[in-house]
1. Report yes if residue 307 is in contact (Cβ under 8 Å) with a residue 24 or more places away in the chain and under 15 Å from residue 459 (Cβ atoms), otherwise no.
2. Name the one entry in 145, 47 that is surrounded by 13 or more Cβ atoms within 10 Å (Cβ to Cβ) and either at pLDDT 85 or above or touching a helix residue (DSSP H, G or I) at 6+ places or on another chain (Cβ under 6 Å) (or both).
3. If I ask for residues that are in contact with a helix residue (DSSP H, G or I) (Cβ under 8 Å, 6 or more places away or on another chain) and either without any contact (Cβ under 8 Å) to a residue 40 or more places away in the chain or assigned to a strand (DSSP E or B) (or both), which ones from segment 469-487 would you list?
4. Among the listed residues 401, 389, identify the single one that is within 22 Å of residue 44 (Cβ to Cβ), in contact (Cβ under 8 Å) with a residue 40 or more places away in the chain, surrounded by fewer than 18 Cβ atoms within 10 Å (Cβ to Cβ) and not assigned by TED's automatic domain parsing to the domain that holds residue 437.
5. If I ask for residues that are in a loop (DSSP other than H, G, I, E, B) and either at pLDDT below 90 or surrounded by 22 or more Cβ atoms within 10 Å (Cβ to Cβ) (or both), which ones from segment 419-454 would you list?
6. Of all residues in segment 7-31, count the ones that are in contact (Cβ under 8 Å) with a residue 24 or more places away in the chain and out of contact with any helix residue (DSSP H, G or I) (no Cβ under 9 Å at 6 or more places or on another chain).
7. Quick check on segment 340-361: of everything there that is free of Cβ contacts under 8 Å to residues at least 60 places away in the same chain and crowded, with 19+ Cβ neighbours inside 10 Å, which residue is nearest to residue 417 (Cα to Cα)?
8. Do you know which residues across segment 215-261 are in a loop (DSSP other than H, G, I, E, B), modelled with pLDDT of 85 or more and within 30 Å of residue 289 (Cα to Cα)?
C-alpha cells in the first residue's frame, strides 16, 4: 500500500435526493500512488460520491480537500483543472469523430486559425506509447471495439493532465483479455505516481489490483480495509450485510424438446461483412444453453436475429413450434420470448419514462393495462410496485425516471419485467453486467428457477465463470460461426478461452438446428 502524500480527502460528505440519502457523512482518503476500491451494492452511493468529487453534483454537507487544501469543485472544469479525471461507465465519446478528435476536444492545439491535427496525433501517439494504451489516433470511434474506446477515455483524462483518476465500473463491458490489459494499464499509471479510485462490484478485481477497499452500504461507510488483510467472502458479507454463496447449487438438467431452433441463419452487417455464417443451434426446454465468445464474434447479432431486431438473409428461426424468421419484435414476444438485452439503455428501457411505465413497456396495450384506449395507471402502478419490490429495485419512487436509477437497479427492473411474462424462451444477454454479488446471486437463482420450471434459457455472458456455473451446455462462437460445444462439467475457463480465440480443442459438434439431440 502507498505511504505517499494525501491527494484527496473527503470529509463528512452528505448528499440527499427526494426520499433518499445517497451519501451519509462519508469520509474518504486517497494517497499518491494508491489504488482505492469503492465496493458496494447497486444504489449504495458509490457513483454519487465520485460524481461529487468530479463536480457533477454538489454536496449538501461536508468538504473536499485536494492536496491538503479545502476546495470547492463547482463542476467538471474545476475538477480537471485540479488534476482529476473520470472514466465513466457509459463512455462520453463522439462516435463519428476520430480517436484524436475525441481526446483533444475542447483543448485542441492550434496552427494559426485552424487545428494542428498532425501535432495532436503525435501527442496522442506519444501518450499512448508511454502508458501502453496502443490506440490508432486516426481511427473513428464507431469503428473500434468497446475495450479500445475505454482506452480513448483514459487518454482523454491523461491528455488533460490528470493525476487522480476515477474509474466507474471500468470492466463492465470488457472481455477477460481486455480486463487483464486494463489491470496492467492501471499498474503503469500508479507506478508513474498517479492515484486511482476504482468503483467496482467485482471482488476478484479488487483482490488483484487494489491496495485498499472502502465498503459502502446504503450511503454509509461500513469499513475500510487493506486488501492484503481481507478476502472475497469477508468483503461480500460486508457489502450486502449477509453471507453470500459464490457457488450456484443446481440439480442436473432434464431437457425436453427444442423450444428455439436456429437453422443455418446468415446475416450481413451494413458494410456487407457476413456477421452470422450459417449458424445452427437448438435450446431445449429445461436447459440453459450458454454462448461463449469474444465480443464482436456474432453473439449480439444472433440475439438480435432471434428477437426480431435484425433481419437475416437466409435460414430459419422457430420458437415454440412457430416460424418467427424476420417477424416483428412484438409478434416474437407474444410467441413466448423474454429478452434481457445486452444494452439496457438502447433496448431495455425508455430512460425518460417513469419506472411504472417501463415495467409495462411490452404489455401496455393489453386489456390488463388498457381500458377503451386509455392507460389504466392504477393497474400499471400496482404491477410496477409488485415487481420492483419482488426484485428489490431501489429508487426514490415509482414516478422516478428510469435514468435516475443506478445501472444495476435498471438491470434488475428489466429482468423483473421479462421473467414476469413467463416466457417459453428467456434470452439473458449479459444479465449481471454491473450488478453486485448479492444481486448476481439473486439473478442466477432466477435463471435456474426458469430452467427448473421447464423453460428454455439462452445465456450470453463475457463472464466465463457465469457461463461455466449456469450452463448445462456451452456452444462457442467465433467469426460468426458456431465452432464447437463444451460440457461445463468437463471444461475449464482456460480451455473455453482458447476455443473462443479459435484455437484449442473444439469439443463436440454443436447441436444442429433440427430435433437431433447430442
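The values are calculated or read from the model by the stated rules, or taken from the named source; none is laboratory data. For clarity, every value in this text was computed on a predicted model and none was experimentally measured. Using ideal geometry, Cβ is built from the backbone for each residue, glycine included, and neighbour counts are taken over all protein chains shown.
1. So residue 307 passes the test.
2. Values: 145 fails: either at pLDDT 85 or above or touching a helix residue (DSSP H, G or I) at 6+ places or on another chain (Cβ under 6 Å) (or both).
Of the residues listed, the single one that is surrounded by 13 or more Cβ atoms within 10 Å (Cβ to Cβ) and either at pLDDT 85 or above or touching a helix residue (DSSP H, G or I) at 6+ places or on another chain (Cβ under 6 Å) (or both) is 47.
3. Correct list: 473, 474, 476, 477, 478, 483, 484, 486.
4. Values: 389 fails: in contact (Cβ under 8 Å) with a residue 40 or more places away in the chain.
Testing whether each residue is within 22 Å of residue 44 (Cβ to Cβ), in contact (Cβ under 8 Å) with a residue 40 or more places away in the chain, surrounded by fewer than 18 Cβ atoms within 10 Å (Cβ to Cβ) and not assigned by TED's automatic domain parsing to the domain that holds residue 437 leaves just 401.
5. Here is the first cut: in segment 419-454, the residues in a loop (DSSP other than H, G, I, E, B) are 421-424, 430-436, 453-454.
Once the filter is applied, which keeps residues that are in a loop (DSSP other than H, G, I, E, B) and either at pLDDT below 90 or surrounded by 22 or more Cβ atoms within 10 Å (Cβ to Cβ) (or both), segment 419-454 yields 423, 430, 431, 432, 433, 434, 435, 436.
6. Restricting attention to segment 7-31, the residues satisfying the condition of being in contact (Cβ under 8 Å) with a residue 24 or more places away in the chain are 7-28, 30-31.
After this cut, where a residue has to be out of contact with any helix residue (DSSP H, G or I) (no Cβ under 9 Å at 6 or more places or on another chain) as well, the list is 7, 9, 11-12, 14, 16, 18-21, 24-25, 27, 30-31.
So the count comes out to 15.
7. Residue satisfying both the conditions and the ranking: 359.
8. If the condition is that a residue be in a loop (DSSP other than H, G, I, E, B), modelled with pLDDT of 85 or more and within 30 Å of residue 289 (Cα to Cα), then 251, 252, 253, 254, 255, 256, 257 are the ones that fit.
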